[in-house]
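Novice: This is the structure I want to talk about, given as structure tokens.
The values are calculated or read from the model by the stated rules, or taken from the named source; none is laboratory data. No experiment lies behind these values; they were computed from the predicted model shown. Don't worry about glycine lacking a Cβ; one is built from the backbone with ideal geometry, like all the others, and counts go over all protein chains shown. Please note that ligands, DNA and RNA were not included when accessible areas were found on the heavy atoms of the full protein model with its side chains. Shrake-Rupley method; radii C 1.70, N 1.55, O 1.52, S 1.80 Å.
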Amino acid sequence: MISKPKILFILLMSSTLISACGGYSKSCSDGVCTIVENGVTRYEGDAEKIAKIKANEEKAAAKRQELFKEIAEAPRKPEDEVIRIALVPMAHPDMKEYQDKYLAMIQDEFKKDKAFKVITKKALDKDLKKRKMNMALNIAFSNPGSLMSGSGVKSGSPKKEEAQTPQALAEDVQVFGGAADALVFIDIGVEKKTGMLKGATALATFTLPHFKTNVTSTYKFAEDSKSFMGESTSSVSAVGLTDKKKVAGFNLDKIKRSLKKDVPAIKSMAKFIKAKANTLRGTMPSLAALKKIHAKQNPDGNAEHKKGKTKALMKGLKGLFKKK
């Protein structure tokens, strides 16, 4: 029978593999190579060992479902408990330079509202990385051989994998107890808007910021987006009739955006995020319940590690969670 520490380690590794949605990677250990290509995992090598790996994966999947079930049945978040919101931006290349400024504007809308706690994607990633590493270390201390049974030795030159899918990120937060009850995915793009210029017989086209927002509970993922349009512009073109009834036009590119004009859109988006997050409160377990569930999943989470062993284990885990 597979031990609980071993199942937890498989759970940890299977979550990492499942979250990859593209690219190529290959890792080999103990006679078996694990290949992840375009989100599909396959194995090469010793048939008997591969059969054991697949059996362990089935147990790990069952363990994940058990965790999700416990979270779903746990006491709900009380009305006076803060809702933790993580902002996950996905900016169009043309809007990348404005991404941090827009996120700061959104955060400003939450600063005086004690009902919510907002964190950045960077902070969420850091939190998850720490939790994954702690779990791996705790499992390794209770079962040192588990590090050698996985596929942690990299070989070849793997290609960079695509970004994690929204649903995979939500599941990762559930599995590892990440610091977010709701995820807010914000696609920051551009959209052309055409209209008549006031006081002139001319048709103008502006390039305006377009914010597509999806607010989902970490514990019940759903695609439910809403769009907001800003008023700053980076380019404008116009065509119309002159006083002599001739067609004329102009085109202005690389105009510096005045982000102050986007404040109304940001305020509307923040208001929508707050309202949506509140409607999702019923899907969220209380912080006390979550702490209890994850303590049960990782009972050695608060164990004190010996310095000598920690150094050896860190060497074995080196690069395990680094981006390829």
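Novice: Is there a residue in the range 219-240 that is within 13 Å of the chain's Cα centre (by Cα), at pLDDT below 95 and either under 23 Å from TYR98 (Cα atoms) or surrounded by 16 or more Cβ atoms within 10 Å (Cβ to Cβ) (or both)?
Specialist: Yes: the range 219-240 contains one or more residues that are within 13 Å of the chain's Cα centre (by Cα), at pLDDT below 95 and either under 23 Å from TYR98 (Cα atoms) or surrounded by 16 or more Cβ atoms within 10 Å (Cβ to Cβ) (or both).
Novice: Name the residue that is farthest from GLN167 (Cα to Cα), counting only residues in the range 36-53 that are open to solvent by 60 Å² or more (accessible area, probe 1.4 Å), under 28 Å from the mean Cα position of the chain (by Cα) and in contact (Cβ under 8 Å) with a residue 12 or more places away in the chain.
Specialist: Applying the filter and picking the extreme gives GLU37.
Novice: Then there is this: Search the range 97-118 for residues being in contact with a Lys or Arg (Cβ under 7 Å, 6 or more places away or on another chain) and farther than 11 Å from LYS274 by Cβ, and hand back the single one that is surrounded by the most Cβ atoms within 10 Å (Cβ to Cβ).
Specialist: The selected residue is TYR98.
Novice: I would also like to ask the following. Could you give me the residue pairs with C-beta distances under 6 Å whose first residue belongs to the range 207-230 and is over 21 Å from ARG84 (Cβ atoms) and part of a loop (DSSP other than H, G, I, E, B), whose second residue is open to solvent by less than 10 Å² (accessible area, probe 1.4 Å) and not hydrophobic (A, V, I, L, M, F, W, C) wherever it lies, and which are 6+ apart or on separate chains?
Specialist: That search, which allows pairs on different chains as well, returns GLY230/PRO209; GLY230/ASP262.
Novice: Moving on. In the range 288-309, how many residues are modelled with pLDDT of 65 or more and open to solvent by 60 Å² or more (accessible area, probe 1.4 Å)?
Specialist: Within the range 288-309, residues that are modelled with pLDDT of 65 or more and open to solvent by 60 Å² or more (accessible area, probe 1.4 Å) number 4.
Novice: Looking at the range 166-204 only, could you name the residues that are modelled with pLDDT of 85 or more and open to solvent by 20 Å² or more (accessible area, probe 1.4 Å)?
Specialist: Those that are modelled with pLDDT of 85 or more and open to solvent by 20 Å² or more (accessible area, probe 1.4 Å): PRO166, GLN167, GLU171, ALA179, ASP187, VAL190, GLU191, LYS192, LYS193.
Novice: Considering only residues of the range 72-88 that are in contact (Cβ under 8 Å) with a residue 24 or more places away in the chain and open to solvent by 30 Å² or more (accessible area, probe 1.4 Å), which is farthest from GLY189 (Cα to Cα)?
Specialist: PRO75
Novice: Kindly provide the set of residues from the range 107-123 that are more than 18 Å from the chain's Cα centre (by Cα) and in contact (Cβ under 8 Å) with a residue 24 or more places away in the chain, ordered by number.
Specialist: Correct list: GLU109, PHE110, ASP113, LYS114, ALA115, PHE116.
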